[in-house]
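S.K.: My questions all concern the structure below.
The values are calculated or read from the model by the stated rules, or taken from the named source; none is laboratory data. Note that the structure is a prediction, hence the values are computed from the model and not measured. Note that we place each Cβ from the backbone using ideal geometry, even for glycine, and neighbour counts take in every protein chain shown. The protein model used for the area step is the full one, side chains on, heavy atoms only, and it has no ligands, DNA or RNA in it. Shrake-Rupley method; radii C 1.70, N 1.55, O 1.52, S 1.80 Å.
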Amino acid sequence: MKKNRAVAVIVCMVLFLGLLTFTSVVGFGPTGTGAARNIITGLDLAGGVSITYRAVGEETPSAEDMADTVYKLQQRVENYSTEALVYQEGSDRINIEIPGVSDANQILEELGQPGSLEFQLSDGTVVLTGSDVDTASARSAADSMQNRSYMVELVLTDEGAEKFAEATAENVGEQISIVYDGEVISAPVVEEEIDGGTAYISGMENAQEAENLASSIRIGSLSVQLEEMRSQVVGAQLGEEAISTSLMAGAIGLILVILFMIFVYRVPGAVAGFALLIYTGMMLVALNAFDITLTLPGIAGIILSIGMAVDANVIIYARIREEITEGMSVGGAIKEGFHKALSAIVDGNVTTLIAAFVLGLMGTGSVKGFAYTLAMGIILSMFTALVISRLLMNAVYALGVKDKKFYGETKQRKPIPFLKYRKVFLTISILLILSGPVSMGIFQATTGKALNYSLEFMGGTSTNVTFNEDLTIAQIDQEVKPVVQSVTGDADIQTQKVTGTNQVIIKTRELSLEERTQLNEALAENFGVDENAIEAESISSTVSGEMRMDALISVTIATVCMLIYIWFRFSDIRFAASAVLALVHDVLVVFAFYSISRTSIGSTFIACMLTIVGYSINATIVIFDRIRENLRTMTAKDTVEGIVDASITQTLTRSIYTSLTTFITIAALYVFGVPSIREFAMPLMVGIVCGGYSSVCLTGAMWYMMRSIGGEKEETAKPAKAGKA
C-alpha cells in the first residue's frame, strides 16, 4: 500500500468513526434523534403497555386451554417485540406487556379484540373454527403489468385442512363467510377445491385491509374467547441507576480492554482498539436499524460481545508474531498472519452464526431476541477484524511503522504435556458436573426447592397498590421493597409503576392468604394506603412450558447443526463430537454453579446459557484449527500426542488473552452493575473461566482418546485428512 493511499485509509476510518459516534451518541441529547435515542428498549428500561384480558363464557376455561391461549398470544405479540411478555393472572385472566410503546389503544386496534371465529356456509353450517387455523398473514403479489394485489394467506392445521378440503370441494362457486364475534368480516367465494392446507383470500383493496383481516383471524384462532378488561401504560421496572451503571461499566470495560490490547500487542493492539470503537458504534446503529428491543440483559450481552469481538484480532496478531519469530519480514508477517488466521475465524464465527440462525428461526421470546443480537454481533465483529483491522494495519505499516519492536515476537515454549494429565482434568470435570445434581438433592431435601427459580419461571402473586403520592422508582426500591421483603422473606421482587397514576404493581413469589393479609397491613402501616383498595391475583410464569420446550428444542437442533458443520469442515467427526461434548460440559458446570450458589433462575438464565454455548465453541475451534494445520505437516518423528500438546501450547496465549479480555468486560459489569445485573454477570464469569478450561484441558484430550479408541496407533500415525481452510 502506498503512503498516499495509507493516509486516505486512515482519514476515512477516522471520519467513519466520527460519523458513527455522531449518529449514535447524539441520540442521548434532549432533542437528539440519533440511533442511541431511538433504540427500542424493554419493559425493564422504559416500560410499555399492559393489557389484561378476561375469558368470557359461562364456564371457567380449563388450564390446558388457558395455557394454549397464553402460548398463542405470545407468538402474536412477538410481532411488536421479542421481549413482550404474556402470562396468566388468576384463573381466567391473561396479561400482555409490550415494551417500547405508549399507546394502548393503538395496540388494541392492531392486535384485535380476541373473540370467537367461525367459517360458515350460507345456511349457517360451521365448516371451521378458530382452532383449525394455524397462521394468517397478509401477502401481496404483482402481475405482468406490475399491478399489485393484496391477499391473506391462511395455513390450516392438519385437521382443519381435511375439513376445509371437503367443504370447498362441495361448495365450489359458493361463499364461505368468516364470522368474527357474530359479525361477517369477509365472505370469499370458493373458486376450486383447496386440499393443500393453505388458502388465499384475495380482493383486498390495500395492504392495511389485508393486515386487518389477517389480524382478526389470528386473534380469533385462540382457544379461549377473551374480552378486554383493562389497559394501561406501565413505567420502567428499573431506575435510571441501572441504566447509567451498566453504561458506565460498558465504557470502563471497553477502555480496559483497549489498554490491555495496546500493552500486550503494541501497535496492532492500538489498531484493535480503534476497530473496537468502530464495532461499538456500528452495533448501536444496527440495534436501531433492525428495531431490536434492548433490555438490561441485552446491554450485558452487548458488553459481552465487546469482549468477544477482540477474539479475532487476538488470533490474527498472535499469528503475525509467530511469523515474525520465524524470520519473516513485518510486511510479510501481516499478510500471512491474516491469511492463516482466516480459517479459524471463519469456522468459529460461522459455527456460532449457525446456532444464532436456528435459535432465531425456532426460538421464542428472549431466545429470539438473544439470537438477533448474537448474529448481529458476529457479523459486525468479523467485518471489523477482517476488513477494518486489515486496512488499518496495512496503512500503519505503509506509513513507516515497520520495526519489529512495534509488533513483538512470540516466545518459543516447550510443549506443555496437557494430555499427560488428561485423567486428572476429566476427574475434575466429572466432580464439577456431579456437584450440580448432588446440591440440588440436598436443597430439595432441606428447603423443598432444588433450584432457586424466579418469578419468570415459577409465577407468583401480583399486588396492585395505590399509594398516596407518586413514588419514584428509587423510592420504591429503597422504601417499598424492604417492607415487601419483610413479609415474603424473598428478595425476588419486581415492581412497575402505572403511568399517570399513583399505582404500583408489585410481583412476588406465590403468597398465601395469610401472607397477603400481612402484606396489606404492612403497606397500610408504613405508607397509609387503603387496604380495601389493594388488589392481589396469582400470576403464571412468563417463561411458559412451551417456551422452555422451544428453547430446548432450538438449542438441541443448533448443537446438531454445529456438529455437522464442524464434521464437514474438519473431515473428522471426532473433532465435532469433542467440541459438542466440551460445550455440554460448560453448560452443566455453569448449571451446577446456579444450583450451589442459589443464583436466581429467571429469564436471564436462558440468555446466560445461550451466551456460553456461543462463546465456548469459538475457543475450541481455534485449537482444533491448529491441530488440523499441524497434522498436515507432521513427520515420521512426530507423534499425535506431541502434535496435540504442541497445538494447545501454541494457542495457549490466545486462549488466555481472549478469556481475560472477555472476563474484564463482565467483571466491570459485576462491580458497577445493579443486583439484577450481577446475577447475570457472575454465572457468565464462571462460564468464561470454564470455557477456557475445557478448550485447553479437555477438547484436545477427548479428540485424542476418540482417535485411540478408533484403533489408530500412536507410533504409526499418519497425517489426517483435512478440509480446505
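S.K.: Would you pick out the residues in segment 619-648 that are open to solvent by less than 10 Å² (accessible area, probe 1.4 Å) and among the hydroxyl-bearing types (S, T, Y)?
M.R.: T620, S647
S.K.: Are there any pairs with C-beta distances below 6 angstrom linking a residue in segment 563-586 that is free of Cβ contacts under 8 Å to residues at least 24 places away in the same chain to a residue that is open to solvent by less than 30 Å² (accessible area, probe 1.4 Å) and of a type outside the set (S, T, Y), with the two at least 6 apart or on different chains, and if so which?
M.R.: Note: pairs meeting the criteria are L563/A576; L563/V580; W567/A576; A576/I566.
S.K.: Looking at (1) more than 30 Å from the chain's Cα centre (by Cα); (2) in a helix (DSSP H, G or I); (3) of a type outside the set (V, I, T), which is the one condition that is false for F605?
M.R.: Looking at each condition in turn, F605 falls short on (1).
S.K.: If the requirement is being surrounded by fewer than 23 Cβ atoms within 10 Å (Cβ to Cβ) and in contact with a His (Cβ under 9 Å, 6 or more places away or on another chain), which of these qualifies: L432, L426?
M.R.: Only one candidate passes the filter, namely L432.
S.K.: Output the residues belonging to segment 118-152 that are open to solvent by less than 40 Å² (accessible area, probe 1.4 Å) and in contact with an Asp or Glu (Cβ under 9 Å, 6 or more places away or on another chain).
M.R.: F119, L121, V127, L128, G130, D132, A136, S137, A138, V152
S.K.: Under 7 Å between Cβ atoms, at least 6 apart or on separate chains: pull out the pairs that start in segment 403-429 with a residue that is basic (K, R) and end on any residue that is surrounded by 14 or more Cβ atoms within 10 Å (Cβ to Cβ).
M.R.: Matching pairs, first to second residue: K404/I324; K404/V330; R413/T649; R422/A701.
S.K.: Residue by residue through segment 566-625, note down the ones that are of a type in the set (D, E) and under 18 Å from S655 (Cβ atoms).
M.R.: At the first step, the residues of segment 566-625 found to be of a type in the set (D, E) are 572, 586, 625.
Correct list: D586, D625.
S.K.: Has segment 168-179 got any residue that is under 16 Å from R218 (Cα atoms), of a type outside the set (S, T, Y) and open to solvent by 80 Å² or more (accessible area, probe 1.4 Å)?
M.R.: Looking for residues that are under 16 Å from R218 (Cα atoms), of a type outside the set (S, T, Y) and open to solvent by 80 Å² or more (accessible area, probe 1.4 Å), one finds none in segment 168-179, hence no.
S.K.: Residue by residue through segment 503-538, note down the ones that are in contact with a Gly (Cβ under 8 Å, 6 or more places away or on another chain) and either part of a loop (DSSP other than H, G, I, E, B) or under 15 Å from V465 (Cβ atoms) (or both).
M.R.: K507, T508, R509, E510, L511, E537
S.K.: Report yes if E515 is farther than 30 Å from D68 by Cβ, loosely packed, with under 13 Cβ neighbours inside 10 Å and modelled with pLDDT of 90 or more, otherwise no.
M.R.: no
S.K.: Same structure, new question: Considering only residues that are in a helix (DSSP H, G or I) and buried (at least 17 other Cβ atoms within 10 Å of the Cβ), look in segment 398-423 and name the one that is farthest from the chain's Cα centre (by Cα).
M.R.: Looking at residues that are in a helix (DSSP H, G or I) and buried (at least 17 other Cβ atoms within 10 Å of the Cβ), I get A398.
S.K.: If the Cβ limit is 7 Å and pairs must be 6+ apart or interchain, which residue in segment 190-218 that is in contact (Cβ under 8 Å) with a residue 24 or more places away in the chain and closer than 23 Å to G173 by Cβ pairs with which residue that is open to solvent by less than 50 Å² (accessible area, probe 1.4 Å) and polar (S, T, N, Q)?
M.R.: Short answer, once both residue conditions are applied: E193/T168; I194/T168; I201/S186; L213/S186.
S.K.: Hey, another quick one. Kindly indicate whether S389 is modelled with pLDDT of 85 or more, under 22 Å from I623 (Cα atoms) and small (G, A, S). Outline the logic, then answer.
M.R.: Numbers: modelled with pLDDT of 85 or more: yes; under 22 Å from I623 (Cα atoms): no; small (G, A, S): yes.
No; evaluated as a whole, the condition is false for this residue.
S.K.: Show the residue pairs that are 6+ apart or on different chains and have beta-carbon atoms under 9 Å apart, the first residue being within segment 119-137 and free of Cβ contacts under 8 Å to residues at least 24 places away in the same chain, the second being among the charged types (D, E, K, R).
M.R.: V126/E118; T129/E118
S.K.: Hey, another quick one. In segment 253-273, which residues are open to solvent by 50 Å² or more (accessible area, probe 1.4 Å) and more than 20 Å from R321 (Cα to Cα)?
M.R.: I255, L256
For every residue, the table says whether it meets (1) surrounded by 15 or more Cβ atoms within 10 Å (Cβ to Cβ); (2) farther than 25 Å from N452 by Cα.
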| position | (1), (2) |
| --- | --- |
| I476 | yes, no |
| I493 | yes, no |
| T499 | yes, yes |
| K507 | yes, no |
| E510 | no, no |
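S.K.: Can you list residue pairs whose Cβ atoms sit under 8 Å apart, with the first residue in segment 611-622 being under 15 Å from F370 (Cβ atoms) and the second being of a type in the set (K, R) and open to solvent by 10 Å² or more (accessible area, probe 1.4 Å)? Count only pairs 6 or more apart in sequence or on different chains.
M.R.: none
S.K.: Taking the options A275, A249, name whichever one is touching a helix residue (DSSP H, G or I) at 6+ places or on another chain (Cβ under 9 Å), over 25 Å from V9 (Cβ atoms), modelled with pLDDT of 75 or more and not aromatic (F, W, Y).
M.R.: Answer to the check: A249.
S.K.: How many of the residues making up segment 557-616 are among the small types (G, A, S) and surrounded by fewer than 19 Cβ atoms within 10 Å (Cβ to Cβ)? Outline the logic, then answer.
M.R.: So in segment 557-616, the residues among the small types (G, A, S) come out as 558, 571, 576-579, 582, 592, 595, 597, 600, 602-603, 607, 614, 616.
Narrowing further to those that are surrounded by fewer than 19 Cβ atoms within 10 Å (Cβ to Cβ): 571, 577, 597.
Qualifying residue count for the region: 3.
The rows are residues; the columns are (1) closer than 23 Å to L563 by Cβ; (2) open to solvent by 10 Å² or more (accessible area, probe 1.4 Å); (3) without any contact (Cβ under 8 Å) to a residue 60 or more places away in the chain; (4) not in a helix (DSSP H, G or I).
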{"position": "E323", "(1), (2), (3), (4)": "no, yes, yes, no"}
{"position": "H339", "(1), (2), (3), (4)": "no, yes, yes, no"}
{"position": "I345", "(1), (2), (3), (4)": "yes, no, yes, no"}
{"position": "V350", "(1), (2), (3), (4)": "yes, yes, no, no"}
{"position": "K368", "(1), (2), (3), (4)": "yes, yes, no, no"}
{"position": "Y372", "(1), (2), (3), (4)": "no, yes, no, no"}
{"position": "M376", "(1), (2), (3), (4)": "no, yes, no, no"}
{"position": "L380", "(1), (2), (3), (4)": "no, yes, no, no"}
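S.K.: Hey, can you tell me all the residues within segment 208-224 that are open to solvent by 50 Å² or more (accessible area, probe 1.4 Å) and either farther than 16 Å from R76 by Cα or outside any helix (DSSP H, G or I) (or both)?
M.R.: Matches in segment 208-224: Q208, E209.
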